[in-house]
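Asks: Mind having a look at this structure? Questions to follow.
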Amino acid sequence: MERELILLWCAISVYVLAGVIAIFGVVLGKRPERTVLATLIIALLLHGISILMRWDRLDHGPYLTMFEILSSNVWSLLFLYSIAYWRYRPIRPTSAIVLPLMFVMMGWLMLSSPGEGHLPPTYDTTWLVIHILFGKVFLGSVLIAVGMAGVILLRRYKLGTHRLSRLPSDQRLDDLAFRFMALGLIFDTLMLIAGAIWAQDAWGRYWAWDRLETWSFLTWLFLAFSLHLRVTYRPQPVRDAVMIMVVFLLAFLTFFGVPFVTTVPHQGAV
Amino acid sequence: MTMTQQTANGHFPREQIYRIRAGVWHALVRMGSLRLTLWLFILFALCIAGYYFGGQQHNGLIITPLLLLSLNLLATIATHTTFRRQVPLLVFHLALLGMLLLLVLGRLTYLKGEAEVTSGSDFEGLLNSIDAGPLHHWPGSKLHFHLTDFSIDYAPGVQRDATRAQVSWQDSVGNTHQGIVGDQLPLVLDNYRFYTTHNKGFAALFQWHPQGAMAQAGSIHFPSYPANEYKQAQSWVLPGTRHEVWSQLDFDELILDPQNTSQFRPPVEHQLILRSGSERHLLRPGQTLQLAQGRLHYQGLGTWMGFRVFYDWTLPWLLATVLLAVLSLGWHYWVKAAARPWLNDEELS
Ligand code: HEM
């Protein structure tokens with residue numbers, strides 16, 4: 001276990017390094033993009049090995065304790081973000097927004113206990129894994145949109161107008177961000193379906209409005225609302241950006257807030 | 001008061017028909033407003049919050065906004081050209097409506113129940129509790145299976161792991177099948193799904209010989225174990241009489257070890273304390289007790305398993321409909337994204 005933790009702390013230090021380089025890049029008007037990407041890849045590799053070692057030791061995936069949930073989500077979110085970063089150059093400076101956001105999760109991860117949990121029989125199913133994977137893609141897509149929404153919002157301030165001028169226009173960012181929100185809706189829907197199939201097998205009901213189900217449905221509804229609002233009123237990018245932030249906040253609270261406080265059987269180990 | 005004018009041959013004048021049509025269309029257009037959809041989304045979210053915080057008792061809080069959203073959607077489909085131009089989007093919204101219809105049908109015909117079955121005996125259609133839709137008809141003894149035995153693994157800390165129950169049943173042609181069922185692996189009989197649960201315990205097996213009547217075998221289920229570890233007692237009535245007896249299971253053995261892995265099983269050494277009126281008796285397996293009402297032979301201690309029964313014929317259809325919804329949503333966004341490139345020339349350079 002010690003080796004796993006050492007690897008994890010190393011990975012977190014390298015993530016932080018990537019974030020610092022990204023922020024300095026934007027502030028100083030430089031483009032250290034390759035360095036950021038390389039640093040991110042190294043951190044992902046270290047972190048990935050740490051997760052696999054724990055997986056092998058405990059013989060179950062990283063979705064039982066808060067420590068595991070946070071660790072696997074930091075990895076999956078940054079993995080998806082890195083793919084977007086690699087494939088989609090115009091949005092690379094958004095890393096100066098996304099990485100600091102991830103520092104919050106990393107801080108929480110460092111504070112949570114790395115102890116082991118017991119895998120209940122209801123968690124021993126492939127549907128849980130599918131449910132979790134869809135959830136991760138959903139949150140990852142929204143995170144990428146959040147990076148762009150953050151740029152749109154920061155441009156309202158003096159600091160952002162100048163520093164972020166190299167990025168595409170607000171309109172263009174808004175269009176791109178909502179492509180990722182649409183992807184998010186598809187994967188959120190898939191996550192709910194896989195979750196319902198799992199719940200049917202595990203507890204004999206596909207939906208029961210438990211705390212987590214209620215929150216995740218509200219997140220889904222709000223995501224659908226934001227897409228509808230956009231086609232109905234065609235609001236300004238700033239308003240769209242605020243909507244994206246709200247969806248992310250709701251999703252974040254559902255993923256990490258509800259399992260943190262709930263005691264119901266469906267603990268929300270996503 | 002206004003009255004509808006009719007022509008001499010009983011037909012409405014054409015103008016009036018046009019006016020009614022225009023009125024209906026106007027109402028539909030207003031009902032199918034996309035702004036209304038947004039308000040209904042907000043209403044739905046508030047109702048869900050109300051339903052959740054209100055202890056999930058007022059089903060109207062879910063049904064009403066869903067009904068309003070459906071009417072709004074139907075009116076939109078009838079009046080908006082968008083849906084004619086974007087077929088995948090139409091399919092997606094129709095799938096949402098289909099889902100809703102199936103949910104309603106499911107609520108009318110579902111069944112959730114619980115049954116306790118003694119190992120080595122049959123389930124014969126008797127449920128301990130039933131929660132069913134108003135149109136459900138429980139087939140009773142037509143549903144039949146035999147529980148041979150079951151095993152449950154426990155991890156240290158008395159944490160329940162896999163449950164495996166061996167069952168056998170006959171299909172409609174009379175062929176016998178055997179299988180293993182668990183908490184997540186149901187036995188499916190006529191679309192009824194039987195799952196094992198955490199609810200299980202010990203069963204005292206008796207042979208009862210009433211005075212002047214045929215002997216019969218039966219079992220008494222003690223309360224669920226280990227949930228009621230210190231309340232292993234049960235009152236029951238001797239069959240064919242009104243005489244109530246009280247029995248308690250007495251053993252010292254550690255069945256589920258908090259320090260180690262273990263298996264659920266009856267204790268090797270035990271005795272039954274049986275109280276009949278003011279008399280108190282101790283019974284060991286194989287012993288017989290003579291009571292005023294008849295002879296009670298204690299065969300030994302077995303186990304019972306609590307099954308969860310679930311029926312909802314809409315499930316596969318519901319799954320197909322939601323998958324159709326996701327596929328059409330993906331299709332819609334695929335078409336939309338393909339219309340404009342992800343990277344324009346300037347960004348590529
Ligand atoms: C119940 C009432 C509903 C009505 C009347 C309605 C109506 C519409 C209409 C007319 C459009 C096309 C807008 C346009 O392109 O101009 C649309 C788009 C859409 N609707 Fe709905 N809808 C309803 C419910 C829902 C729900 C519950 C969802 C849940 C996910 C949803 C998701 C969508 C999505 C994702 C789009 C595509 C938006 C885009 O292209 O970005 N709708 N809806």
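Derivation of every value follows stated rules applied to the coordinates shown; laboratory data play no part. Keep in mind that what you see is a predicted model, and the values were worked out from it rather than measured. Here the Cβ positions follow ideal geometry from the backbone for every residue, glycine too, while neighbour counts run over all protein chains shown.
Asks: Taking each residue of A:199-209 in turn, how many C-beta atoms of other protein chains fall within 10 Å of its C-beta, and what is the average? Working shown, then result.
Replies: Values: counts 0, 7, 7, 3, 6, 12, 5, 6, 1, 1, 5.
So the per-residue partner count for this stretch is 5.
Asks: So, one more: With everything on Cα atoms, drop me the angle between helix B:34-53 and the longest principal axis of chain B, reported from 0 to 90° to the nearest 10.
Replies: Between helix and principal axis, roughly 20 degrees.
Asks: Continuing with the same structure: Counting only other chains, and only Cβ atoms inside 10 Å, what mean value do you get across the residues of B:293-302?
Replies: On the way: counts 0, 0, 0, 0, 0, 0, 0, 0, 0, 0.
What the average comes to for B:293-302 is 0.
Asks: Return the sequence-ordered ³J(HN,Hα) values of the range B:246-257 in whole Hz as given by the Karplus equation 6.51 cos²θ - 1.76 cosθ + 1.60 applied to θ = phi - 60°, using x for Gly and Pro.
Replies: Once θ is set to phi - 60°, the couplings for the range B:246-257 become 10, 10, 9, 8, 10, 8, 10, 5, 8, 8, 10, 7 Hz.
Asks: I would also like to ask the following. If you average the sequence gap of Cα pairs under 8 Å that are 6 or more apart and divide by the length of chain A, what percent do you get for the contact order?
Replies: Numbers: 323 pairs, mean separation 53.2, N = 270.
Relative contact order for chain A comes out at 20 percent.
Asks: I would also like to ask the following. When ranked by the protection proxy of mean other Cβ atoms within 10 Å per residue, highest first, what sequence do the peptides B:43-50, A:168-175 form?
Replies: A:168-175, B:43-50
Asks: Which cross-chain or sequence-distant (5 or more) residues have an amide H under 5 Å from the amide H of B:Ala132, H modelled 1.01 Å from N in plane?
Replies: Close amide H contacts, sequence-distant or interchain: B:Lys112.
Asks: Under a Cβ-Cβ cut-off of 11 Å, what is the net charge of the residues other than B:Ala162 that fall near it, where Lys and Arg count +1 and Asp and Glu count -1?
Replies: -2
Asks: Percent of Cα-Cα pairs more than 25 Å apart in chain A, please.
Replies: Summing the P(r) tail past 25 Å for chain A gives 46 percent.
Asks: Could you tell me the number of lysine pairs in chain B with C-alpha atoms less than 30 Å from each other, where the two lysines are 8 or more residues apart or belong to different chains? Write out the running numbers ahead of the final one.
Replies: Working: B:Lys112/B:Lys142; B:Lys112/B:Lys200; B:Lys112/B:Lys231; B:Lys142/B:Lys200; B:Lys200/B:Lys231.
The result is 5.
Asks: How high is the relative contact order of the range B:251-349, in percent, with contacts defined as C-alpha pairs under 8 Å that are six or more residues apart?
Replies: Worked out over the range B:251-349, it gives 13 percent.
Asks: Moving on to the next point. Kindly rank B:298-311, B:320-333 from highest to lowest mean number of other beta carbons found within 10 Å of each residue.
Replies: Result, highest mean first: B:298-311, B:320-333.
Asks: Something else: What residues have an amide H closer than 5 Å to that of B:Arg265, excluding those fewer than 5 places away on the same chain, when H is modeled at 1.01 Å from N in the peptide plane?
Replies: Amide H to amide H, under 5 Å and 5 or more residues apart or across chains, B:Arg265 pairs with nothing.
Asks: Report relative contact order for the range A:35-194 in percent, whole number only (criteria: Cα-Cα under 8 Å, sequence separation at least 6).
Replies: Numbers: 141 pairs, mean separation 42.7, N = 160.
Once normalised by length, the contact order is 27 percent.
Asks: Can you tell me the dipole magnitude for the range A:1-88 around its Cα centre, using point charges on the Cβ only (Lys, Arg +1; Asp, Glu -1), in Debye to the nearest 20?
Replies: So the magnitude is around 420 debye.
Asks: Full extension from B:His58 to B:Gln216: what is 0.36 nm times the residue separation minus their Cα-Cα distance, to one decimal in nm? The partial results should precede the final answer.
Replies: On the way: separation 158, 0.36 × 158 = 56.88 nm, distance 4.76 nm.
Here the answer is 52.1 nm.
Asks: Which order do peptides A:7-17, B:123-133 fall in by mean Cβ count within 10 Å, highest first?
Replies: Result, highest mean Cβ count within 10 Å first: A:7-17, B:123-133.
Asks: Given charges of +1 on the Cβ of Lys and Arg and -1 on the Cβ of Asp and Glu, with all other atoms neutral, how large is the dipole of chain B about its Cα centre, in debye to the nearest 20?
Replies: Details: 24 positive and 24 negative charges, 340 e Å.
Approximately 1640 debye in magnitude.
Asks: Give, as a single signed number, the net charge of other residues whose beta carbon lies under 12 Å from the beta carbon of A:Leu58, with Lys and Arg counted +1 and Asp and Glu -1.
Replies: Net charge in that neighbourhood comes out at -3.
Asks: Could you go through the range B:168-184 in sequence order and give the Karplus-derived ³J(HN,Hα) for each residue, using 6.51 cos²θ - 1.76 cosθ + 1.60 with θ = phi - 60°, rounded to whole Hz, and x for Gly and Pro?
Replies: Once θ is set to phi - 60°, the couplings for the range B:168-184 become 9, 7, 10, 7, 5, 8, x, 6, 8, 10, 10, x, 10, 10, x, 5, 10 Hz.
Asks: Rounded to the nearest 500, what is the 222 nm mean residue ellipticity of chain A from helices alone, with -39500 (n - 2.57) per DSSP H run of 4+ residues and division by all residues? Walk me through the numbers on the way to the answer.
Replies: Numbers: 10 runs with 204 residues, N = 270.
Computed ellipticity for chain A at 222 nm equals -26000 deg cm²/dmol.
Asks: B:Leu185's amide H: which non-local residues (gap 5+, or another chain) put their own amide H closer than 5 Å, with H modeled 1.01 Å from N in plane and none for Pro or chain starts?
Replies: B:Thr196
Asks: Sticking with this one: Looking only at other chains, what is the average number of their beta-carbon atoms within 10 angstrom of each beta-carbon in A:181-191?
Replies: 3
Asks: Follow-up. Across the protein assembly as shown, what fraction of all alpha-carbon pairs, as a whole percent, falls in each successive 10 Å bin from zero upward?
Replies: 3, 13, 19, 20, 17, 12, 8, 5, 3, 1, 0
Asks: If each residue of separation counts as 0.36 nm, what is the full-extension length gain between A:Ser113 and A:Met245 once their alpha-carbon separation is subtracted?
Replies: Gain in length upon complete extension: 44.6 nm.
Asks: Can you tell me which aspartates and glutamates have their Cα less than 20 Å from the Cα of A:Lys30? Leave out same-chain residues fewer than eight positions away.
Replies: Counting by Cα, and skipping residues close in sequence, A:Lys30 has these aspartates and glutamates nearby: B:Glu346, B:Glu347.
Asks: Relative to the Cα centre, what is the charge dipole magnitude of the protein assembly as shown, using +1 at the beta carbon of each Lys and Arg, -1 at the beta carbon of each Asp and Glu, and rounding to the nearest 20 debye?
Replies: My answer is approximately 3060 debye.
Asks: Got a sec? Charge dipole of the range B:98-158, +1 on Cβ for Lys and Arg, -1 for Asp and Glu; which of B:Ser141, B:Ser121, B:Leu108 is way out at the positive end?
Replies: So the residue we want is B:Leu108.
Asks: Straight-line reach only, C-alpha to C-alpha below 17 angstrom: list the aspartates and glutamates that A:Lys158 could link to, leaving out same-chain residues fewer than 8 apart.
Replies: Counting by Cα, and skipping residues close in sequence, A:Lys158 has these aspartates and glutamates nearby: A:Asp170.
Asks: HN-Hα J couplings of the range B:288-297 from phi, Karplus 6.51/-1.76/1.60, θ = phi - 60°, integer Hz, Gly and Pro as x?
Replies: Couplings: 10, 10, 8, 10, 4, 8, x, 10, 10, 9 Hz.
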